Each structure stands twice: as structure tokens, then as C-alpha cells.
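Report on one structure; see the data block that follows.
The values are calculated or read from the model by the stated rules, or taken from the named source; none is laboratory data. Note that the coordinates shown come from a computational prediction; the quantities given were computed from them, not determined experimentally. Here the Cβ positions follow ideal geometry from the backbone for every residue, glycine too, while neighbour counts run over all protein chains shown.
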Amino acid sequence: MTVLGSVEMRRGALEAHTGPWRPRTLDRVLDDVAATHPERPLVITDDRTYSYADMVAWSMRLARGLSAAGVRAGEHVAMVMANYPEFVALKFALSRLGAVAVPINFLFRRDELGFVIGQSDAVLLVTMDRFRNLDYLAALDELAPGWERAGGGERFPRLREVVVFSTDGERRAGARSLEDLASAGDGAAVNGSDASAICDVVYTSGTTGSPKGVLITHDMLLRTAYASAYTRAFQDGRRILFSMPLYHVFGYVEGLLAVIFAGGAIVPQLTFDPVATLAAVGEHRVDEVMFVPTMTLAVLDTARTKSFDLSSLSVVFSSGGQSPARIWNEIRDLLGAQEIFTAYGMTETTASTTCVFPGDPVERLATTCGRFKPAGVAGDPELGGVLAVYKTVDPGTGEDLPAGAVGELVVKGPIVTPGYYKRPDETAAAFDAAGWFRTGDLGRIDEEGFLTLTGRKKECYRCGGELVVPKHVEDVLTGHPGVSQAHVVPIPDERMGEIGVAWVVPDAGAELDEDELLRHCAEHVARFKVPVRIFFTGADDLPASASGKIQKFKLVERTKQALQTGRTA
């Protein structure tokens, strides 16, 4: 088993290597590490390893190609990319150019994809042709026919070009490939940006059901990433394996960007498979694995039945949803982890803002989301060296609550988003008069500074670590002929954290079929949003307040009872 060394020693080495904090762009940090460790691996796959020098050269070629294609600093480039090395190269290329990346959830269906492309004002889209069972080019054919020649056409007037990354080697006639782009920019100018500029617009579902683009700067990303490396006390050259998508801040910030500060490497997996995950730990000498709880449970089940070489593994980071209390001891017993982490954060805070510390007892993992993350040289002196602080307020009055009292969590700090792209009303509503961001989560902070989540003020929930907005699914269901009302509620699930169940009120005389409605959902929303069950009910049987609003907390209890009694739809 790997000997990590003391936390103080590891943090001290990080501080010494980083020196005083200097606001930089993403590409500048990559270049600085590459100058010192050019041959070290940065991205490790089963087929090939890409060094820091490789990624510098590749991202420079792509940046020149983007420049030759007319992309300028400040313009938005959308990306529909899974965890391929190409995602990493393109991300740093956009940073070099000063362009803004718009990473899109590759599970999105046609309408969701079209909304983000249009709302983000993307001038160029780089997309896979297909991945898993999704055909993105077929979706584009319906959204913007003739996109190979005319870009976004009338539907997306700002979209000048679509570049295709083929996952199977086949080319789309008339479309430029990512390889073409990388070879098309010899001599093109690459001007770059500054650390305070917007680097990413990361879309997350909002309370209205349509995704909202969270604005994040270079410095926000890098400070958060460094704080993650410092809190988890990365040793030199740490290797982290994960299958969380790089479009999400968990894999992007806590994995890719954080590991660069230690001159380490990521082992990104395209899809999650517990056997392949554990086999890759030994094959690539992985130090840390990052999971959401549903992945953790699957890995633990696999480790019980099969033997793997886990001698290099010393750290497990499991976060992003509800976890049964039993998993923390099982992580230590079955995977041999010396250090285990869980955390709390959101896209609007760039990534995690609280985390358990190395050596915290298992009880802290089971009952809290840790403490405010120390950020070392990247910290804010006015906040005591952290980058985000929380307090609890009364959800009704907004008044501050004492330590230990349950209330709405609000947050402030330099890594909190300045707002949402082209959403002034939502941006204004997200902050109180003093500039505290309203998370919509309910929780408490004890006198020792440990934060515990107790619920959600909003109706959103997380399925397998992915955020689901019930209204989005409800709108899809009510769009089906014969559906009068639809109400989606979450219930706890050991593997997925939370799962959705829908209650549907049919139109008078309509005959509805559960399987048909589930297929309808699967055609219009990402898989993690599709309810696991649909129950039918009369409108008069729904629990409602005096004003006629459905009382979803009562509907949750009814759902649990229906599932326990084996009620049929």
C-alpha cells in the first residue's frame, strides 16, 4: 500500500512548488508545469499516454485552427465531448485563444441540446458524431438541416460551423473533422486572455426547468482546483481515475485541473464499469479514485466477489449525493483506502467548497459534508484563508441563524459565480442584498464548522450525481396526449442516491400505459431524468394545500407507501 506521508509535508510541498498565488489562465498553468515536467503523463488511457508536452503542442495546434476558423477571444465554443483526450486538448486550446468553453452534457437529447446551443450564443460547435446510443448528428439534422454547409442556419444564426469528432473513425461528408481543425491553422494568431475573464459557461438545470449557464472565470477554476489539491494534500505526481464526465465540475475541477498542481495525471474513463475501474487501478498505478455514491456501491459489490491489484490505491473520494452510512467502513475494508473524502459544492461555487480533512473519523463522513476547504496560497485572507464561507438563514425572513440551527445555506466568496449567462432575473434572484448566494439547500453548520445537509428548499434532486428538475420532466409528461397533470417527486435510493417517481392524472376518458409514458420520457430527456415508475391518480386524490398547490412532501410519503405495498400502475 502506498505511503502518503504526513498531511503537513504534502501540503508544504504543494505550497513550495506553487509559490505566492499568481492569477493565471488555464493554459498558462499547463505550460508552467510542462516546462518543469514535460515528459510526465497528464492523460492516461488504455491505448495511449499523453504527456504534458504532448498536450501543450496539441492544444496549440487546435488553438491555431480555431483562430483560422474565425473564433476570437470572448466568443463561445460549445463542446459535446465525452472523456476523450480530445476534450482536454480542446479545453486548453480554447483557453489559449481566450475563447469561452460551453461544455454540454452529452446525455442531452435533441431539444435539450438545441436549447443550450442557442441560448449560449455558440459560434462554433465541436461534437461527437455518436456516443453510446445517442446520434448527435441526427439531432443536428433535425435542428439545423444543412449544418455541414450553413452552420446553424436560421435556428442558430450565431453558429458559424460544426466540427465533428468521430468516435468510430467514420467521416460525415461535407463536415470538417477535429483532425482537420488541428492541421488548418499554421501561422494563425493566438492572442490569449487574462485570468479574470470568463473561461467556461457550464450549464446546470434551473428551477424553471431549462438549463442555466453558470459563468466561471479562469481564476475561479484554478483557485478552486488548487484548494482541492491542498485540502486533499496531493503528493507529487498523484494519479486520479474517474468516469464522471469532464463537462461536470466534479471531474473537470476536482480531477483534471487539481491534479496539474501536483504534476500528476488523470485516468479518465469513457463509461463507468466497476470491473474495468478496479482493473485500471492496478494497470495504471492509480492513487485516487473519484465516484458518486452509486458508483461507489457498485465498486464495493464488485470488490467483494473478485480480486484486483489495489496496492497503489490510497484515496477514495465519494461525493455528489446521498450515501448509506455503511459505505465508509466498507471503502476502507474492501478497497484499502487510507484516506476517504466527501464534500459539498455546486456548479455555482465552481466545485466543492467544503470537504472532510485527511484523518477525519468515519463518523464525520457519515454525518457531514466536512468543513470549509483551506486554500493555502490561493485562499482569501479576508475569509481566513478559504475561498467560500457559508451561513444559515431563515428561509422565510432571511435572518441569520445560530450555529447548529437548520436553515437555508447561503454562500459568499471569490469562487461564487457572478451570475448566469443572459439570465438577469435569475441572477438577481440568486443573491440577497448583501451579496450572499442562495443555494436552495437546507442544512446546519455546527460550532466546529462541519456542514450537514438536511434537505432542499427547491424541488430539485440528484440521481446518480446528476441534477434533475422535476418541472422539466413534468412538462414532457404533460406534452403527451391524454395527460392532464404530472407531478414528479424524488425518493431515496441506495444506489442512485435519489430516483424520480411520477404521478399522472389522465384526461377524462383517456387510457394511458405506463411503459408508453416511460418511453415518451426517454425520447425527450436524458436517461437520469426518466422516472423509474409512473402511478396514475385522480386529481381529487392528490394532496393539495388550501390554495390548490400540490403538497409534494405528502406525495413523497404516498410514493414510498405505494412502492412498499407493490402497488401497480
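What to note about this one:
- Residue in region 524-540 that is farther than 30 Å from residue 139 by Cα and either in contact (Cβ under 8 Å) with a residue 60 or more places away in the chain or assigned to a helix (DSSP H, G or I) (or both) present: yes
- Criterion: more than 27 Å from residue 74 (Cα to Cα), of a type outside the set (Ser, Thr, Tyr), not in a loop (DSSP other than H, G, I, E, B) and not assigned by TED's automatic domain parsing to the domain that holds residue 476 - qualifying residue of 227, 233, 258, 279: 279
- The single condition among (1) in a loop (DSSP other than H, G, I, E, B); (2) under 28 Å from the mean Cα position of the chain (by Cα); (3) over 28 Å from residue 256 (Cα atoms); (4) of a type outside the set (Gly, Ala, Ser) that residue 111 does not satisfy is (1).
- Residues that are more than 26 Å from residue 235 (Cβ to Cβ) and either touching a Gly at 6+ places or on another chain (Cβ under 7 Å) or at pLDDT 90 or above (or both) within region 315-327 comprise 321, 322, listed in sequence order.
- Considered as a group, the residues in region 12-42 that are under 23 Å from residue 193 (Cβ atoms) and hydrophobic (A, V, I, L, M, F, W, C) include one that is farthest from the chain's Cα centre (by Cα), and that residue is 35.
- Counting only strands (runs of 3 or more DSSP E) wholly contained in region 1-106, the ones carrying 3 or more residues that are more than 30 Å from residue 359 (Cα to Cα), assigned by TED's automatic domain parsing to the domain that holds residue 129 and touching a residue at least 40 places away in the same chain (Cβ under 8 Å) occupy 76-80, 100-103.
- Qualifying residue in region 296-314 (condition: among the polar types (S, T, N, Q), crowded, with 24+ Cβ neighbours inside 10 Å and at pLDDT below 95): yes
- Residue count, region 225-239 (criterion: within 15 Å of residue 33 (Cβ to Cβ) and surrounded by 24 or more Cβ atoms within 10 Å (Cβ to Cβ)): 5
- Residue 127 vs. criteria modelled with pLDDT of 95 or more, in a loop (DSSP other than H, G, I, E, B), of a type in the set (Ser, Thr, Tyr) and in the same structural domain as residue 61 (by TED's automatic domain parsing): no
- Among the residues here, residue 363 qualifies as more than 22 Å from the chain's Cα centre (by Cα) and farther than 28 Å from residue 213 by Cβ.
- Scan of region 167-196 for residues that are among the hydrophobic types (A, V, I, L, M, F, W, C), within 20 Å of residue 69 (Cβ to Cβ) and surrounded by fewer than 23 Cβ atoms within 10 Å (Cβ to Cβ), ordered by number: 173, 175, 178, 182, 184, 188, 189, 190
- Verdict on residue 162 being more than 23 Å from residue 197 (Cα to Cα) and buried (at least 19 other Cβ atoms within 10 Å of the Cβ): yes
- Filter result for the condition that a residue is closer than 15 Å to residue 536 by Cβ, in contact (Cβ under 8 Å) with a residue 24 or more places away in the chain and not assigned by TED's automatic domain parsing to the domain that holds residue 296, over 475, 507, 513: 507
- Among the residues of region 230-278, the ones that are more than 18 Å from residue 312 (Cβ to Cβ) and over 16 Å from the mean Cα position of the chain (by Cα) come to 5 in all.
- Within region 441-496, tally of residues that are among the polar types (S, T, N, Q) and in contact with a helix residue (DSSP H, G or I) (Cβ under 9 Å, 6 or more places away or on another chain): 3
Every residue, every condition in (1) among the polar types (S, T, N, Q); (2) farther than 22 Å from residue 108 by Cβ, yes or no:
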residue	(1), (2)
478	yes, no
486	no, no
492	no, yes
499	no, no
502	no, no
525	no, no
531	no, no
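- Qualifying residue in region 211-224 (condition: buried (at least 22 other Cβ atoms within 10 Å of the Cβ), over 24 Å from residue 376 (Cβ atoms) and among the hydroxyl-bearing types (Ser, Thr, Tyr)): no
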